[in-house]
Structures are given as C-alpha cells and as structure tokens.
1. Can you tell me which residues in segment 53-106 are β-branched (V, I, T), within 16 Å of the ligand (Cβ to nearest atom) and farther than 19 Å from G141 by Cα?
2. Restricting to segment 122-180, name every residue that is outside any strand (DSSP E or B) and hydroxyl-bearing (S, T, Y).
3. List every residue pair whose Cβ atoms sit under 7 Å apart, with the two residues 6 or more apart in sequence or on different chains, where the first one lies in segment 77-105 and is exposed (fewer than 15 other Cβ atoms within 10 Å of the Cβ) and the second, anywhere, is part of a helix (DSSP H, G or I) and β-branched (V, I, T).
4. If we scan segment 228-236, do we find a residue that is closer than 21 Å to F156 by Cβ and buried (at least 19 other Cβ atoms within 10 Å of the Cβ)?
5. Consider segment 195-244. How many of its residues are among the small types (G, A, S) and free of Cβ contacts under 8 Å to residues at least 12 places away in the same chain?
6. Within segment 98-110, how many residues are of a type in the set (A, V, I, L, M) and over 22 Å from the mean Cα position of the chain (by Cα)?
7. Go through segment 239-275 and report how many residues are of a type in the set (A, V, I, L, M, F, W, C), away from the ligand (no atom under 16 Å from the Cβ) and part of a loop (DSSP other than H, G, I, E, B).
Amino acid sequence: MTILYKADPERGLIWQAIFAERAPDLPFLIWPDIGDATAVRYLVAWQPPDNFLELLPNLQVVFSVGAGVDQFDLRLLPSHIPLVRMIEPSLAEGMVEYVVLSILATHRNLINYIGDQRRKQWKPIRLVPASRRRIGVMGLGVLGRSALDRLKTFGFPLMGWSRSQQVIEGVVCFSGSEQFRDFLSACDILVCLLPLTSETRGILNRHTFGAMPRGAALINVGRGAHLVESDLLDALECGQISSAILDVLSTEPLPENHAFWEHPGILITPHMAGMTQPETAAHVLLDNIRCHQTGEPIEGMVDANQGY
Ligand code: GLV
C-alpha cells in the first residue's frame with residue numbers, strides 16, 4: 001500500500017522523511033518513481049499524472065497538495081475516489097500574510113510610490129484612515145476567514161461574500177448572486193480568494209469592476225482564470241480600478257510579452273501567496289490517510305457538485 005507524490009521534488013524529500021519516521025507501513029514514492037503501480041492507494045499531487053486513473057488501477061483517494069483542486073477534472077473522477085483539498089496551518093498562515101501585505105500595500109499606495117521612486121519623484125499622497133477603507137473578501141472558506149480575522153486588528157470595515165450565507169463576527173456577510181452587487185458597491189479593496197469553479201471562472205470582469213466604487217483596487221490570490229485580463233486593463237485605463245496585485249495569472253509563468261509586466265498599476269508575484277509546507281502538511285495528510293483507513297471522515301473532502 002503506497003503513497004505516490006507528484007509535486008515539487010525538493011519538498012517531496014521532506015514529506016518522504018516524515019512518512020518514513022511516522023508511518024513506515026506507508027512507503028512514500030516521489031514521481032516519477034511509481035514503484036508497483038498496482039500498490040498505489042493514495043495520490044498526492046499538484047498536477048496529476050496524465051491518465052492517472054488507468055496508470056494507478058487501485059487508487060483510493062486523491063489529495064491535492066494545494067488548497068485549490070481545479071487542476072483535477074472532477075467529471076473524470078469516479079465517485080468512489082474522493083478528492084481532498086489541502087487544509088494545513090502553514091498554507092493558511094502564508095496566505096494571511098500575503099493578503100494583509102497586499103491590503104496594506106494598496107491602502108498605503110505602495111504601487112504609486114514604487115513608480116515615483118523610479119522617476120525620482122517625492123509626492124506624498126494624503127492618508128485615508130483604515131476606518132474609511134472598506135475591504136471585501138470573496139470566498140469565506142478557511143483562507144478567507146483566516147485573512148478576515150487577522151485584518152480585524154487594523155480597523156478596516158470588513159465585508160465578505162460567498163455562495164451561501166455565512167456569519168462571521170465583525171464582518172458584514174453577503175451571499176449569492178442576489179447580494180453580489182450590494183457587496184461590490186461597498187468594496188474599496190476587493191480580495192478574491194474563491195475556488196475556481198464553472199461558476200467563478202471569469203468573475204473578475206468588467207461588470208464586477210463597474211459595480212465597485214470608482215478607483216477601487218483588486219487583489220487576486222484565487223486563480224488566474226477568475227480574472228478577465230483584458231477587462232482589468234480597460235478598467236485600469238479608465239480609472240475605474242486604480243491598482244491590482246496579482247499572485248495568480250491565467251498563464252503561469254506570465255509570458256514575457258504580457259502587458260501586465262510593465263503596467264504601472266499592477267504588481268505581480270509568482271504564485272507564492274500561500275505555499276503548502278511539508279513540515280506541517282505531512283501530518284495533516286497522514287491523519288487523513290489514517291481516517292480513511294479506519295472509515296472516519298476525511299478533512300477537506302471536495303463536494304463534486306460544488307467543485308470545491
Ligand atoms: C495554491 O495555489 C494552492 O492551491 O494551494
């Protein structure tokens with residue numbers, strides 16, 4: 001009964017060492033070493049191998065190495081093979097840091113100052129108090145809630161939007177398509193932390209930007225495909241959106257000739273906002289495998305109908 005891991009090979013060695021110590025009964029193989037393919041029961045992957053269902057005929061559970069599961073085609077997964085997303089403390093902590101960093105950078109006009117420095121310009125911008133900068137987070141799962149919780153210390157008015165109605169202390173929660181425009185109209189900084197599904201693909205588009213207050217800002221830490229890139233360029237051009245911080249792009253790495261690289265209103269980072277850390281994630285994975293073996297519920301199970 002083996003585990004097959006297919007993601008960053010360097011971090012794979014750390015996962016492997018933790019499993020060797022804590023679960024010697026579960027050999028942990030790192031792709032492309034698949035050993036006896038019929039012995040693989042658990043696949044832990046960022047990008048799954050092609051045709052992995054045929055390759056691994058006795059597969060029982062698929063685990064995503066990341067919080068997102070959009071790299072798997074849910075329609076192809078048979079119902080007896082559960083898909084599990086990663087919920088682990090270091091990934092969440094990294095995401096919280098990045099969201100706080102980007103909100104503060106946006107709130108304090110850092111993108112303008114980076115440009116001004118290049119041009120040797122000394123131009124202080126009048127400060128807006130946090131109490132007048134409204135933050136809206138789309139997606140109220142583990143990551144969205146953790147980020148909102150940390151943001152409370154700064155005094156920003158906080159809002160959240162999700163598919164189904166949520167209740168979070170200190171956060172005005174909106175839900176569903178009926179309340180989407182009300183939510184957007186009150187967002188000075190919009191953070192996208194949604195899972196990528198057929199319903200959320202392209203959700204950051206001209207209509208969304210148009211419903212926000214003029215000069216609002218965007219932070220995308222969900223998936224590149226949430227954003228209609230040409231709509232963002234248009235919204236920046238006309239001033240409807242003032243700046244964007246993007247950690248995820250529709251094509252990664254961002255192609256060399258892409259307009260975003262040099263755009264004065266855009267700050268790009270290379271999909272590093274939240275990273276699964278093997279030192280903590282290996283224990284979460286092992287606990288989940290043990291739960292599966294004893295028939296207890298697995299944490300992070302994806303609902304195929306919802307897509308996350
Ligand atoms: C990163 O994007 C993740 O899904 O964890």
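1. Matches in segment 53-106: V62 only.
2. S131, S146, T153, S164, S177
3. P89/T280
4. no
5. Total satisfying the criteria: 1.
6. The first filter runs over segment 98-110 and keeps only residues of a type in the set (A, V, I, L, M), leaving 99-101, 103-105, 110.
If we keep only those that are over 22 Å from the mean Cα position of the chain (by Cα) as well, we get 110.
The qualifying residues number 1.
7. 3
Here, each number is a calculation from the coordinates, and none is a lab measurement. Just so you know, these numbers come straight off a predicted model, no measurement behind them. FYI the Cβ positions are ideal-geometry reconstructions off the backbone, even for glycines, and counts take in every protein chain you see.
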